[in-house]
Structure formats: C-alpha cells, structure tokens
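Undergrad: Okay, here's the structure, questions in a sec.
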Amino acid sequence: MTILQIKRSTSNVTPNTLQDGEMAYSYVSNVLFIGDTANGVMNIGGKNYTNKLDNANYANGNSTLVVRASNGYVELAKVDILKELAVTGAVTLSSNLTVSGNVNFSELNGGTF
C-alpha cells in the first residue's frame with residue numbers, strides 16, 4: 001500500500017516549488033497544484049475551477065464561464081479584443097450590430113459601418 005500525501009496551505013496562494021508529481025492544495029486560492037519535471041508548479045484544478053463550471057450561465061459575471069446556447073450563439077454584453085484581430089475572407093453580419101466606445105476600424109476593405 002502506498003500512502004499519498006498532499007501538501008496543504010492556509011497561508012500561501014501558490015507553492016514555491018513541488019517535486020515531480022507532488023501535489024499541493026491552497027485553501028487561500030482554492031487551487032490544486034502538481035509539480036512538473038523541473039520542480040515547477042502547475043495548477044490542475046480545485047474548488048476555484050469547479051465553482052466556475054458550476055456557475056456558468058448567460059448572465060454577465062466576474063470570473064465565470066459563459067454558457068453557449070444550443071444554437072451555438074453566445075450573448076456577450078462586452079468584448080475586449082486584446083490582440084490584433086485578423087480576418088481573412090468575407091465577413092457577413094446579420095441582424096443588428098451596435099458598436100460603441102473606442103473603436104478603430106483602420107482597414108475596412110469595402111465594408112460600411
């Protein structure tokens with residue numbers, strides 16, 4: 001019989017190092033960690049992640065997942081594109097599109113807004 005022990009902490013968000021395959025749980029961040037082959041730390045799960053899955057819905061929320069409707073649509077009140085958006089080919093917009101705030105369409109080839 002092998003006894004498996006998991007390090008636990010009520011004061012650290014992330015362990016500094018873990019041995020290869022060694023596990024740790026932080027009650028501060030509610031994250032489960034495992035050590036990699038370079039004595040690094042990888043987060044692999046925990047209450048933090050299961051809460052996000054359990055609370056997935058259509059409403060705007062902080063740090064939760066968004067549920068996709070059965071038709072494949074996703075309702076988003078706000079989208080921040082943090083990287084350059086590159087589109088190849090034609091883009092077709094159906095229904096209504098409302099654009100507000102700081103928007104820069106620097107290369108619209110034939111499109112109108």
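The values are calculated or read from the model by the stated rules, or taken from the named source; none is laboratory data. Keep in mind that what you see is a predicted model, and the values were worked out from it rather than measured. Quick reminder, even Gly has a Cβ in these numbers, built from the backbone with ideal geometry, and neighbours come from all protein chains shown.
Undergrad: Looking only at region 8-30, decide whether some residue is in contact with a Gly (Cβ under 6 Å, 6 or more places away or on another chain), exposed (fewer than 15 other Cβ atoms within 10 Å of the Cβ) and either of a type in the set (D, E, K, R) or not in a loop (DSSP other than H, G, I, E, B) (or both).
TA: yes
Undergrad: Please go through region 39-56 and pick out each residue that is among the aliphatic types (A, V, I, L, M) and either closer than 18 Å to S11 by Cα or at pLDDT 90 or above (or both). Please lay out each step first, then the result.
TA: Going through region 39-56, the residues among the aliphatic types (A, V, I, L, M) turn out to be 41-42, 44, 53, 56.
Once the filter is applied, which keeps residues that are among the aliphatic types (A, V, I, L, M) and either closer than 18 Å to S11 by Cα or at pLDDT 90 or above (or both), region 39-56 yields V41, M42, I44.
Undergrad: Now for a different question. Which one is farthest from I6 (Cα to Cα), of the residues in region 33-49 that are surrounded by 12 or more Cβ atoms within 10 Å (Cβ to Cβ) and among the polar types (S, T, N, Q)? Lay out the reasoning, then the answer.
TA: Narrowing region 33-49 to residues surrounded by 12 or more Cβ atoms within 10 Å (Cβ to Cβ): 33-36, 39-41, 43, 45-49.
With among the polar types (S, T, N, Q) added as a condition, the list becomes 39, 43, 48.
Details: N39: 16, N43: 14, N48: 17 Å.
Selected residue: N48.
Undergrad: Since E84 meets every condition but one in (1) modelled with pLDDT under 75; (2) surrounded by 10 or more Cβ atoms within 10 Å (Cβ to Cβ), which condition does it not meet?
TA: Condition (2) is where E84 drops out.
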